[in-house]
Amino acid sequence: MEIATKYEPQLIENKWYEFWMEHKLFASKPNGKPSFTVVIPPPNVTGILHMGHMLNNTIQDILVRRARMMGFNACWVPGTDHASIATEAKVVGMLREKGIDKRQLSREEFLKYAWEWKEKHGGIILQQLKKLGASCDWDRTKFTMDPELSEAVIDVFVDLYNKGKIYRGVRMVNWDPKALTAVSDEEVVYKELQSKLYYVRYQIEGTDNEYVTIATTRPETILGDTAICMHPDDERFKHLRGKRAIVPIVNRSIPLIFDEYVDREFGTGALKITPAHDINDYNLGLKYKLDTINIFNDNGTLNENAQFLVGVDRFKAREEIIPMLEKAGSLVKIEDYVNKVGFSERTNEVIEPKLSVQWFCDMRALAKPALDAVMNDDIKFYPEKFKNTYSYWMENVKDWCISRQLWWGHRIPAYYLPNKEFVVAKTKEEAFEIAKKKYPELNLKMEDLQQDEDVLDTWFSSWLWPMSVFDGLRHPDNEEIKYYYPTSVLITAPDIIFFWVARMIMAGLEWRKEVPFKHVYFTGTVRDKLRRKMSKSLGNSPDPIMLMEKFGADGVRMGMLLSSPAGNDLLFDESLCEQGRNFSNKIWNAFRLIKGWQVDDQIAQPLHSQVAVKWFQHRFNEVLATINADFDKFRISDALMGVYKLVWDDFCACFLEIVKPAYQQPIDGKTYSEIIDIFENLMLILHPFMPFITEELWHNLRERGENESIMIAQMPQPKAENGADNLLARFELTRKVVEDVRRVRAEKNIAQKNAIELLVIKQDDAETDAEMDSVIQKLCNISSIQYIKEKVSGTCSFIEQNTEYLIPIAQNINVEEELKKLNADLEYAEKFLQSVLKKLANERFVSNAPEQVVAVERKKQSDAEEKIKMLKEQIANLQ
RNA sequence: GGGAGUUUAGCUCAGCUGGUUUAGAGCGCCUCCUUGACAGGGAGGAGGUCAGCGGUCCGAAUCCGCUAACGCCCACCA
């Protein structure tokens, strides 16, 4: 059989993915087995795959594949999120390119375009996930705006409203003047900006040249000022009590008020108050019953209320008002100033605090049980530190602004009546019935009901995701939700802990009285080598599809994992994928080697192969136990590294080198079949990490049925076997001896192909180990191992576990070099002995430390003394 | 301003309740090897006073304080 010398992932990845799909190996239905459920964090429906998704979904796939092989009924539910703001922005942009203005369209027309766009571009990301090997049950693919899921959203809204947890209110909200919608507090990101602090003086009413000077970063809002505020204890302003000031330019008379809110140290100690455009000013406005003058249009331009600069954008107005202030003699000075400005996460537009009527959800009662669930570990966070972040937010949770002034999303089921009242109901018909009963005097007709124009925040549907994908809200007793919920683990990024994780927990407890998942694994942020976040605008994010074409999906999966402990940022570098690809190739070639051997059943199994097989089985169990422990702690990178080293170092570099038959010689049948078993086990434990290559090789190892797949094969479990520790320890010593021999070979330039002799100094009563000797002989190309009683000349030597090994060499010994080496060893040993003696000489150590620890030190001492003695003898012999 | 972190080899990180660790891994680096699985390889090797200072202890990378540097999260400072 001809096998390519290099592993070519392109040739097999599609083949196996199709095979898995065809045989419905990802599909899950409730059955008698225990369930292992994961719901995908739904990516934006119009999004494309980025490195964060790669990391996140690789981890999910590993856990799901492993669970499946461990006998669980594994179900990974895929889907997408409608992402109202992001998607609507994309659609608006697309329409603009076509020369269509959203404002010219009716709601229905716009939504038609939006759905068309969604059908065309939606779900690309799910196709991309298939390249990665994601074993999602695709038949279950959900979209947050699917009819059933939408119905659940509306049900939940109505339910919360009826419970009094949803209310409508005038509030200062974060307004995005670009998206023309309110956004929640969590969707605002604050950035430091280099800006200016403007000092402006306001004339005191009724005086000629008495002024009060304020400092502001937003002089354009002066046009909406309705007061000036100072600290009540500030001596500088005592004389101004009860007076009024004149707003420059607009010449409005406003009161001077005194409140402890003002920081006397800042600026001049006097603060201008614009209740319509600043949250703090708004609160002061409420307290002192100030006028509220809204000077901005929704798009951030000034309106008629401003009287001046009408129609000018807020930032342009900020520039243009300066000469006006100067002309009025009001501008005192301008200073450079660094402050923090809120930006919309979605559009990167500067947020404008805006007073408006919005829908809110009261979070306090919902938060309490959700906080407890995490604090008492009903839900475990990995890493644990996120418990703190979570508890702080939950304890200080604020009401959630859930309305968005958009069209793409779930429309709020509130219906307004001619009398300005409204009713909330699932459908217009139901609302009509309720309204008729409530207001019989209105003689309502169906057309009189006007549905609220707003849609709900995207997260108001995502927080139901673990329930709604199983239709658990509309039909709480259906088989699916009872079987799959709560889900097993959620894999997500820490930046959506409040947006999503916290709210899912609240929703789960509110509507199912049960947590939505038992474990939450927070991945790190994927950054580039310079620690910069990967982003489209920086252009520092590699295209995952290209990466997979270059290194293979298995290689990229491994690359993603190699350096990503939970919660730590991952500094992504292509070279990690290269390492993954190299590993694929290493495995491929190990397979190639084995498949290239001729098998001869007539040959007896050599001792060294017998030992190697036994050793490897023990070693496999040992490593597998640590891998399982790593998985229990969600230390997935460590688990992968464990498999990596087992395959590369133990299997390829050590095991195969022992059992390898001589060139062009056949291998005995027993060893061969044992190697196949071992290789198969390695493929099994590696499969969750590298699904494609393992499936390919698993099929090539032996005859398989048409429907067989490694995906549904059974994962090996570590077996405790007698004598394992002893064998492993003996083998460790053997490996050290092998290394020593190789070092001597390297130092003396003796090629591996030239056989050498090994002499071992042993006392009469000392035991020998023929099994391990056979391994040493094989690995080091040693013609014979002889036991002797005394040192002979013309040899190089080394010491392991107080046994001296000698290698006769043909060439003359370089005494000087040899002495130098021995003296270095001696020095090291003596220093070591000294440190041990120092410890033992300390009476308090001997009396206070546990006996065991002291015994260990004593053993160290005698070993070191023995070694020093031998080294000294060697040195004496040379001189 | 508050909170929670991080700081260990050139790079990325392990090191769990202090004692077989005069500190480990992967990658990188250096030297040599390489017509017999794999140069995407093999063998060997060099790299660290565990950020700094102080304390507790018989014993500290590990526990406690302070200092410094760097992320992160939260917060209404004009």
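The values are calculated or read from the model by the stated rules, or taken from the named source; none is laboratory data. As the structure is a computational prediction, the values presented were derived from the model and not from experiment. We place every Cβ from the backbone using ideal geometry, glycine too, and count neighbours over all the protein chains shown. Side chains included, ligands, DNA and RNA excluded: accessible areas come from the protein's heavy atoms. Shrake-Rupley method; radii C 1.70, N 1.55, O 1.52, S 1.80 Å.
Hey, among the residues in segment A:374-396 that are of a type outside the set (S, T, N, Q) and without any contact (Cβ under 8 Å) to a residue 60 or more places away in the chain, which one's least open to solvent (accessible area, probe 1.4 Å)?
It comes out as A:K387.
Under 6 Å by Cβ, and 6 or more places apart or on different chains, what pairs join a residue from segment A:266-291 that is assigned to a loop (DSSP other than H, G, I, E, B) with one that is crowded, with 16+ Cβ neighbours inside 10 Å and among the aromatic types (F, W, Y)?
Sorted first by the residue in segment A:266-291, then by its partner, the pairs are A:P275/A:Y282.
Out of all the residues in segment A:749-780, which are open to solvent by less than 50 Å² (accessible area, probe 1.4 Å) and in a loop (DSSP other than H, G, I, E, B)?
Within segment A:749-780, A:I750, A:A751, A:K762, A:A766, A:D769 meet the criteria.
Has segment A:461-469 got at least one residue that is surrounded by fewer than 23 Cβ atoms within 10 Å (Cβ to Cβ) and either out of contact with any strand residue (DSSP E or B) (no Cβ under 6 Å at 6 or more places or on another chain) or not in a loop (DSSP other than H, G, I, E, B) (or both)?
No, every residue in segment A:461-469 fails to be surrounded by fewer than 23 Cβ atoms within 10 Å (Cβ to Cβ) and either out of contact with any strand residue (DSSP E or B) (no Cβ under 6 Å at 6 or more places or on another chain) or not in a loop (DSSP other than H, G, I, E, B) (or both).
Whether any residue in segment A:813-825 is at pLDDT 85 or above and of a type in the set (K, R) is what I want to check.
Among the residues of segment A:813-825, not one is at pLDDT 85 or above and of a type in the set (K, R), which makes the answer no.
Could you list all residues from segment A:219-236 that are more than 16 Å from A:T292 (Cβ to Cβ) and within 11 Å of RNA strand B (Cβ to nearest atom)?
The answer is A:P219, A:M230, A:H231, A:D234.
Condition check ((1) at pLDDT 95 or above; (2) under 11 Å from the mean Cα position of the chain (by Cα); (3) assigned to a helix (DSSP H, G or I); (4) away from RNA strand B (no atom under 16 Å from the Cβ)) across all residues:
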| site | (1), (2), (3), (4) |
| --- | --- |
| A:S488 | yes, no, no, yes |
| A:M504 | yes, no, yes, yes |
| A:G508 | yes, no, yes, yes |
| A:V515 | yes, no, no, yes |
| A:R531 | no, no, no, no |
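Give segment A:158-190 a look and list any residue that's under 24 Å from A:A365 (Cα atoms), of a type in the set (D, E) and either touching a helix residue (DSSP H, G or I) at 6+ places or on another chain (Cβ under 7 Å) or more than 16 Å from RNA strand B (Cβ to nearest atom) (or both), or say none.
If the condition is that a residue be under 24 Å from A:A365 (Cα atoms), of a type in the set (D, E) and either touching a helix residue (DSSP H, G or I) at 6+ places or on another chain (Cβ under 7 Å) or more than 16 Å from RNA strand B (Cβ to nearest atom) (or both), then A:D159, A:E186 are the ones that fit.
Which members of segment A:266-292 meet the condition of being surrounded by fewer than 20 Cβ atoms within 10 Å (Cβ to Cβ) and more than 7 Å from RNA strand B (Cβ to nearest atom)?
A:T268, A:N283, A:L286, A:K287, A:Y288, A:K289, A:D291, A:T292
Taking segment A:164-214 as the search range and keeping residues that are part of a loop (DSSP other than H, G, I, E, B) and modelled with pLDDT of 95 or more, which one is most open to solvent (accessible area, probe 1.4 Å)?
My answer is A:G164.
Are any residues in segment A:397-418 open to solvent by 40 Å² or more (accessible area, probe 1.4 Å) and not in a loop (DSSP other than H, G, I, E, B), and if so, which ones?
Across segment A:397-418, the qualifying residues are A:R411, A:Y416.
Please find, within segment A:813-857, the residue that is nearest to RNA strand B (Cβ to nearest atom) out of those that are surrounded by 12 or more Cβ atoms within 10 Å (Cβ to Cβ) and of a type in the set (K, R).
Looking at residues that are surrounded by 12 or more Cβ atoms within 10 Å (Cβ to Cβ) and of a type in the set (K, R), I get A:K839.
For segment A:713-748, which positions are surrounded by 14 or more Cβ atoms within 10 Å (Cβ to Cβ) and among the aliphatic types (A, V, I, L, M)?
A:A713, A:M715, A:A724, A:L727, A:L728, A:L733, A:V737, A:V738, A:V741, A:V744
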